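Please read the structure below before turning to the comments.
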């Protein structure tokens, strides 16, 4: 059975960052600190106007966030050693209205960033308005830019048949998927021999993508429809050090032309006004981000260039790019111990995840067992960056273990 939440797991203290001893990395970090980083998550140019080298190396503006421990009074358990935590009895609407609500929501944001995804059951008191409030406050209390609000999906917004009249609520619908994405992995009625195409992080095609997503299922099939998440932290840690160093230098082009095609085929226009950030505008859904990203909440590195929204790795050959992107997905599907599979049990079950450090994939195995419908609110975060001083998750935890940190002693998981 689930242990009580007074357990303190591997990451329940912040990692103290130190500059690397490598002189080149120090120089790059100093360059960023001296003003070449334009903003939080801004780009550091190589001086030659090469956009493919932006957003790869600069210093994070602040240290990782620390938990206050206010969630320890609530029953919880880690779903796997690497990823996932569940609060089986907590009520999010009560946390939003509590006198210490800011402390609760901030600790929740940190917990999500550390554990990747957090689950809540039967949140019947959470409606669309409160769900949106929670998404925005998670980002605000963990330090996102003031210009970042809630995302408006370019396709799945209030203009669709199953929309709820609010552009900031995306309706995830099996009925809609059959219409818009017929024959694809998103269509539960389609014949499939591989589900690997389903892995992705939300809206990485935007110049300023998401930090946190909240999905609340309001209609469930009789069985099936599970969602899987995988840890980008752990994916990075499975790489050899030479490969880590190589990937640290790369950027990729993230884009989603399929949405434009979907809009064209179904007789509507892509939502082209600002989508949660002044930078997320227009009909071209494309951006350049680092392949390896630092999560500013934890200070840990993650493989970011995974899934259907990544078009190609920059500055390598097409064959090399294809090989790298296929390899990243293969590492996910070949290593079930860096995944967590979540079974939705009740209407208004909720999952909240950090798109900077995890990927997810829905399981379209429920044709004939009913429809699946969810309401999703997506917070916009910061422009992706790689902090040259940041560490991998395992590296950070091993340092804490050596230091004998009392708050994690005996409970550190680096499996």
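A few comments on the model shown:
- Yes/no for residue 377 being touching a helix residue (DSSP H, G or I) at 6+ places or on another chain (Cβ under 6 Å) and either surrounded by 14 or more Cβ atoms within 10 Å (Cβ to Cβ) or not in a loop (DSSP other than H, G, I, E, B) (or both): yes
- Qualifying residue in region 67-79 (condition: under 25 Å from residue 173 (Cβ atoms) and touching a residue at least 12 places away in the same chain (Cβ under 8 Å)): no
- Selection count where residues are surrounded by fewer than 16 Cβ atoms within 10 Å (Cβ to Cβ) and within 18 Å of residue 122 (Cβ to Cβ), scope region 85-105: 4
- Qualifying helices (runs of 4 or more DSSP H) (wholly inside region 219-328; at least 3 residues being at pLDDT below 95 and more than 22 Å from the chain's Cα centre (by Cα)): 257-265
- Residue match in region 333-348 (condition: buried (at least 24 other Cβ atoms within 10 Å of the Cβ), out of contact with any helix residue (DSSP H, G or I) (no Cβ under 8 Å at 6 or more places or on another chain), assigned to a strand (DSSP E or B) and modelled with pLDDT of 95 or more): yes
- For region 353-376, a residue qualifies if it is closer than 13 Å to residue 217 by Cβ and within 14 Å of the chain's Cα centre (by Cα), and exactly one does: 376.
- Scanning region 122-143 for residues that are more than 18 Å from residue 380 (Cα to Cα) and surrounded by fewer than 17 Cβ atoms within 10 Å (Cβ to Cβ) yields 122, 124, 125, 127.
The values are calculated or read from the model by the stated rules, or taken from the named source; none is laboratory data. This is a predicted model, so every value here is computed, not measured. Note: ideal-geometry Cβ built from the backbone for every residue, glycine included; neighbour counts use all protein chains shown.
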